[in-house]
Amino acid sequence: MLTPDDHDRITALAQEFARQGRTDDLREFIEHGLSPDLLDHDGNSLLMLAAYHGQAETVDLLIGLGADVDAANQRGQTPIAGTLFKGEDAITAALLAAGADLDAGTPSARAAAAMFGREHLLALPARPAEAVVAGCFACDNTARGEALPIRERIVVTEHWRVAHAFDASLPGWLIVAPMRHVAALDDLPPAAADELGGMLHRLTAALRHEVGAVKTYVMLFAEAEGFEHLHIHLVPRMPQQPADAMGPKVFRHLGASEADRVPADEMDRLATVLANAYR
């Protein structure tokens with residue numbers, strides 16, 4: 001049986017694990033009986049500590065283990081209000097998707113969002129918890145909502161977001177990614193799958209009309225670490241495309257050096273033109 005000193009020592013360790021993002025160590029403690037809703041002397045839950053310190057993986061663990069996403073500390077602060085204050089957008093999205101109450105606590109999440117100019121995060125489409133993966137490049141960007149530059153939100157629907165590839169040297173290289181985190185086409189919600197064909201059709205028309213492409217290449221891999229989120233490359237095939245950049249060889253234009261990438265202002269200009277053509 002644990003003595004009071006043992007209990008205090010384990011509690012302190014668990015809280016430090018949450019702050020530091022030592023997810024595996026914290027998981028082991030909880031599997032051996034520690035409550036995922038353990039509180040410190042100020043009423044801060046493990047979830048609050050992990051969220052406030054930007055530990056996305058630990059937040060995912062605690063949400064998955066049923067931690068109370070609305071547990072307020074003694075000052076009335078909730079985890080989601082804390083992440084809005086800290087600017088932890090991806091964790092805010094994960095808490096929102098897990099059902100965090102936007103009106104709980106003092107200040108509430110709504111008040112905190114207004115205070116720090118982050119109301120756009122609370123307007124994200126409601127998505128189930130499994131649809132958000134903190135640390136995923138696509139999910140993290142989607143969580144930023146209207147704070148994204150136009151090049152990252154050329155078209156946004158309930159199911160899809162279209163962006164210009166950030167590291168391409170070919171103007172008009174588009175990325176079409178689902179709003180929810182899926183790894184394979186058959187994981188898409190039926191409505192998202194139904195929308196995809198028409199979206200590719202309209203985007204191709206926009207690229208042909210505005211960029212001068214003769215057609216588009218359509219590719220899906222989603223294999224690179226951190227980019228497993230399903231994303232479709234929609235790439236303009238230009239009239240005078242060199243032979244060493246045709247077909248699969250077009251990937252010579254992706255992963256370009258900073259000096260060779262399409263400049264951000266040109267991506268934004270193209271994004272605006274394509275967005276208008278898409279309407």
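The values are calculated or read from the model by the stated rules, or taken from the named source; none is laboratory data. The model shown is predicted, which means the values in this text are computed figures rather than measured ones. Positions of Cβ are generated from backbone atoms using ideal geometry, with glycine treated the same way; all protein chains shown enter the neighbour counts.
Numerical summary
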quantity	calculated
Residue list for segment 12-51, restricted to those being part of a helix (DSSP H, G or I) and either under 20 Å from residue 75 (Cβ atoms) or touching a Ser or Thr at 6+ places or on another chain (Cβ under 8 Å) (or both)	15, 17, 18, 19, 23, 26, 46, 47, 48, 49, 50, 51
Helices (runs of 4 or more DSSP H) wholly inside segment 70-120 containing at least 1 residues that are of a type in the set (S, T, N, Q) and without any contact (Cβ under 8 Å) to a residue 40 or more places away in the chain	79-86
Residue within segment 116-136 that is at pLDDT 80 or above, within 19 Å of residue 59 (Cα to Cα) and not polar (S, T, N, Q) present	yes
Residue among 84, 34 that is touching a helix residue (DSSP H, G or I) at 6+ places or on another chain (Cβ under 7 Å), within 14 Å of residue 18 (Cβ to Cβ) and at pLDDT below 95	34
Check on residue 164, over 23 Å from the mean Cα position of the chain (by Cα) and either buried (at least 17 other Cβ atoms within 10 Å of the Cβ) or in contact (Cβ under 8 Å) with a residue 12 or more places away in the chain (or both)	no
Subset of segment 137-159 that is among the hydrophobic types (A, V, I, L, M, F, W, C) and surrounded by fewer than 19 Cβ atoms within 10 Å (Cβ to Cβ) - its residue that is nearest to residue 59 (Cα to Cα)	137
Of all residues in segment 240-279 being in a loop (DSSP other than H, G, I, E, B) and in contact (Cβ under 8 Å) with a residue 40 or more places away in the chain, the one that is surrounded by the most Cβ atoms within 10 Å (Cβ to Cβ)	262
Condition met for residue 172 (part of a loop (DSSP other than H, G, I, E, B), of a type in the set (Gly, Ala, Ser) and in contact with a strand residue (DSSP E or B) (Cβ under 7 Å, 6 or more places away or on another chain))	yes
Number of the condition not met by residue 177 [criteria: (1) at negative phi; (2) touching a strand residue (DSSP E or B) at 6+ places or on another chain (Cβ under 6 Å); (3) in contact (Cβ under 8 Å) with a residue 60 or more places away in the chain]	(3)
Qualifying residues in segment 192-239 (those that are part of a loop (DSSP other than H, G, I, E, B) and in contact with a Phe, Trp or Tyr (Cβ under 8 Å, 6 or more places away or on another chain)) - the one surrounded by the most Cβ atoms within 10 Å (Cβ to Cβ)	229
Residue within segment 160-168 that is in a loop (DSSP other than H, G, I, E, B) and under 30 Å from residue 116 (Cα atoms) present	yes
Test: residue in segment 138-160 that is small (Gly, Ala, Ser) and modelled with pLDDT of 85 or more	yes
